[in-house]
Amino acid sequence: MENLLEEQPKVVQEFQKIISSNMLSHAYLIDSASSQIRQQMAIWLAQSQFCDNLKDGAPDQTCQKCQTIALGDNPDVLEVKTDKQSVGVDDIKSFKKEVSMTATQGKRRILIIDEAEKMTNAASNNLLKTIEEPEGNLMIILLADSAKQLLPTIQSRVQIFHLSNKSNEDEIASLVNAGFKNDQAQKALKVTDIKYLANIDGDKYQSLISGIMNWLKEVNKQKINSFVDIQTDIMPLVENKDQQHLVFDMLNQIFSDILSIRYNLGKSTLTAEDILNNKSIQKVISMSDDLFTAEQMWKSNVSFQAILEDLSLKFVD
Ligand SMILES: [Zn+2]
């Protein structure tokens, strides 16, 4: 069995510091590594909130309280995992109800959602309300393969912890071989998965970001004909389905960056400038919802160009 403390010492130490200084947030998103390690991380975090022998921010994992949590027998710690294709808004409502039913008031309650990428748009938005206005002493821990698969609104409102993948350094090296600069490669791997960067060099990657940013700047100026930019600035750079996927990942990252700028969270990856500064926060959020829906349509094989052009019209609406 994989062991959290052996495999992820850095992240565990980081959490120990946060817990020791009482700086724990009420919403986390933990991604990368294996689903087993992610679950162990979530359980460890839950144990840290109940353990009788907390030492330097770390639970002993052996006391009765820690064991009860590991066995799934503490009613204040609810871990949910669905067998269904998606997690809908009713599921989220019932999880929230279940975790709030425990009698003891003011006590720590923890909701762990496995495979959070399965949440529908409506489910994500429902959960977002709880993240923005936490109920009582509730901590939410989302687990996913990749944070990028979640709505930008969620990404921007939670603390994201990437567990380390052993392969990460190899991936950076292979991108550097393909003409990426080192820091560019590191950022690119935060934005997308390595498989979507095949056959792309650093220059092309940068041109694609510029093309998307220019399009959004036109959108920001409310230029109705900004959809023309799709054909002139973006389409010539996109040769295949993987690169179309990359465009969606970049767009999601830019929205996440803009929301994080608006919320003063200082987490920008692709842009440190609020290039949608003419749009209200409500509009930015609804644009990011439109983007999520557009990506679903693209996955069901609607033409990439048509989807982006349609999106462009919705954005200037
Ligand atoms: Zn303990």
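Computed quantities for the displayed model
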| item | result |
| --- | --- |
| Hits in segment 44-59 (condition: crowded, with 18+ Cβ neighbours inside 10 Å and in contact (Cβ under 8 Å) with a residue 40 or more places away in the chain) | W44, L45, A46, Q49, F50, G57, A58 |
| Members of segment 168-185 found to be surrounded by fewer than 16 Cβ atoms within 10 Å (Cβ to Cβ) and under 17 Å from S146 (Cβ atoms), listed by number | N168 |
| Count of segment 215-246 residues which are under 16 Å from K279 (Cβ atoms) and modelled with pLDDT of 95 or more | 7 |
| Evaluation of L128 against (1) surrounded by fewer than 16 Cβ atoms within 10 Å (Cβ to Cβ); (2) closer than 19 Å to K267 by Cβ; (3) under 17 Å from the mean Cα position of the chain (by Cα) (one fails), failing number | (1) |
| Checking S20 against (1) within 16 Å of the ligand (Cβ to nearest atom); (2) polar (S, T, N, Q); (3) closer than 28 Å to K148 by Cα, the condition it does not meet | (3) |
| Checklist (1) in contact (Cβ under 8 Å) with a residue 40 or more places away in the chain; (2) within 15 Å of the ligand (Cβ to nearest atom) applied to E79, failing item | (2) |
| Identity of the residue in segment 272-317, of a type in the set (S, T, N, Q) and surrounded by 19 or more Cβ atoms within 10 Å (Cβ to Cβ), that ends up farthest from V228 (Cα to Cα) | S288 |
| Within segment 83-93, tally of residues that are modelled with pLDDT under 90 and either in contact with a strand residue (DSSP E or B) (Cβ under 9 Å, 6 or more places away or on another chain) or crowded, with 18+ Cβ neighbours inside 10 Å (or both) | 1 |
| Test: residue in segment 263-285 that is of a type in the set (F, W, Y) and either more than 16 Å from S210 (Cα to Cα) or modelled with pLDDT under 95 (or both) | yes |
| Top-ranked residue in segment 33-68 [being in contact with a strand residue (DSSP E or B) (Cβ under 6 Å, 6 or more places away or on another chain) and among the small types (G, A, S); ranked as nearest to the ligand (Cβ to nearest atom)] | A46 |
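Every residue, every condition in (1) among the β-branched types (V, I, T); (2) farther than 12 Å from L151 by Cα, yes or no:
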residue: A272; (1), (2): no, yes
residue: K279; (1), (2): no, yes
residue: S288; (1), (2): no, no
residue: W298; (1), (2): no, yes
residue: I307; (1), (2): yes, yes
residue: L311; (1), (2): no, yes
residue: D317; (1), (2): no, yes
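The values are calculated or read from the model by the stated rules, or taken from the named source; none is laboratory data. Values in this document were obtained by computation on a predicted structure and should not be read as measured data. Backbone-built Cβ (ideal geometry, glycine too); neighbour counts: all protein chains shown.
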